[in-house]
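Working notes for the structure below.
Read the figures in this text as sums done on the coordinates, not as results from a lab. Quick caveat, the model's predicted, so the values are computed rather than measured. Ideal geometry is used to build each Cβ from the backbone, glycine not excepted, and the neighbour counts take in all protein chains shown.
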Amino acid sequence: MQTLTKPNVAAVKVGLSLVIPCYNEGKSLPFLKERLLTSLPDLNLSWEVILVDDGSLDDTFDQLSAMNMADARFKVISFSRNFGHQIAVCAGLSHATGDYVAVMDADLQDPPEFLATCLDRLREGYDVVYAIRRQRKENIFKRFCYASFYRLLKFIAEVEIPLDSGDFCLMRQRVVAVMRTMPERNVFVRGLRAWSGFRQTGIEYSRASRSAGETKYPFRKLLRLAMDGMFAFSAFPLRLATYLGFVILALSLGGMMFILLWRIFNFQLFSHYPSEVPGWTSMVCLLLFIGGIQFLILGVIGEFIGRIYNEVKQRPRWIIRTTLGLEDTSFKQV
C-alpha cells in the first residue's frame with residue numbers, strides 16, 4: 001500500500017533542499033559537483049542536495065556514493081530500476097526537508113547560479129519562482145515542437161501553466177507539502193506545481209547546452225511527457241471528439257443535401273451529370289474519412305482509459321533500492 005506523509009524534519013534545520021534527478025549522468029557529475037560547491041555557499045543558507053539515481057546503467061551511482069562520502073550534504077536515493085524523470089523528481093521532493101526546495105537537472109542546462117536570483121524573488125513574498133526558457137540550444141525542429149506544445153497546452157489546459165517553463169524552480173516547503181499529496185502515476189511536475197496555486201512568478205533565463213553526455217529525453221520520451229501534460233490537465237481531447245462529431249454530422253448533412261439537389265436538378269458538376277457518376281469514389285472517400293475520425297476518437301478515449309488503469313492499480317510510483325545520507329525514509333513509497 002502506498003502512503004505519503006509529511007517528512008520528519010531533521011535535527012539540523014535545512015535552509016535549501018536541491019532535488020536533482022540523474023540518469024546515466026556519469027560524465028556530467030564532476031562538473032555538477034564543482035558548480036554546486038561554488039554557487040550554493042553564496043546563498044548564505046544551510047543546504048542539502050538530494051540526487052536521485054533513476055536506475056542508471058553507467059557509473060552514476062558510484063560517483064554519487066563518492067560525493068556522499070566526501071560531503072554528507074550530498075544525499076542519494078537510488079531506484080531499483082528506471083522509473084522516469086518526473087517520478088525521480090517526485091521522489092526527491094518527498095525527501096526534501098528544507099524551508100526552500102529547488103528542482104534542477106544534472107546536465108547543467110539549468111544553471112545553479114540562477115537560484116540566487118530566484119531566492120531574491122521568493123523573499124519578496126512569492127511562494128514559487130519558476131524559470132522561463134528564453135533561448136534553447138536544441139535544433140530548430142525541437143524548438144518548434146517545444147513552442148507548439150506549450151502554446152497548445154496553454155490553450156486547452158484547465159489550469160494556467162506558464163509558457164516555456166520547465167521543472168527548474170524554487171519553492172517554499174508549503175508548496176512542496178501540497179505536491180506530496182498528489183500521488184499521480186502519470187506525472188507532469190510543472191502542471192502539479194501550477195495546479196497547487198499560491199503566489200507564483202517566472203524569471204527568464206537562457207538555457208545552456210549540456211555540460212557533457214547525451215540527452216536522456218529523446219523525441220519519444222518528450223512526446224510521452226507532452227501527452228501526460230495534456231491528458232492530465234485537460235478534458236479538451238474528449239470534448240474535441242464531440243466537436244468533431246458535430247462537424248462531421250454537419251458536413252454529412254450538407255453533402256447529402258447537395259447530392260439530392262444535384263440529382264433533382266440534373267446539372268453538370270465537373271463536366272458530369274449525376275447519371276454518369278455511380279458514386280463509388282465519393283462513398284469510399286466518405287467512409288474512409290468517417291472511419292479515420294472514429295479511430296481517432298477511440299484513440300483519445302483509450303489514452304484516458306489507459307491512464308485511469310494506471311491509477312487504479314495503485315502500484316508504487318517508485319521503488320528505492322538504497323539511500324545514502326537520508327536518516328528517515330519512513331515517508332518514501334512502499
- prompt: What is the calculated FRET efficiency for residue 116 to residue 251, with r their C-beta to C-beta distance and R₀ = 56 Å, to the nearest 0.05?
  reply: 0.45
- request: Return the long-range amide H neighbours of residue 105 (sequence gap of 5 or more, or a different chain), with a cut-off of under 5 Å between placed amide H atoms.
  value: 110
message: Please report the net charge: other residues with Cβ closer than 9 Å to the Cβ of residue 127, K and R +1, D and E -1.
response: +3
- line: Counting only residues 5 or more apart in sequence or on a different chain, those whose built amide H sits under 5 Å from that of residue 26 are 59, 60
field: Long-range HN-HN contacts of residue 98 with modeled amide H, under 5 Å
entry: 17
task: Would you give the gap between the C-alpha center of region 16-85 and the C-alpha center of region 169-187, rounded to a whole Å?
output: 20
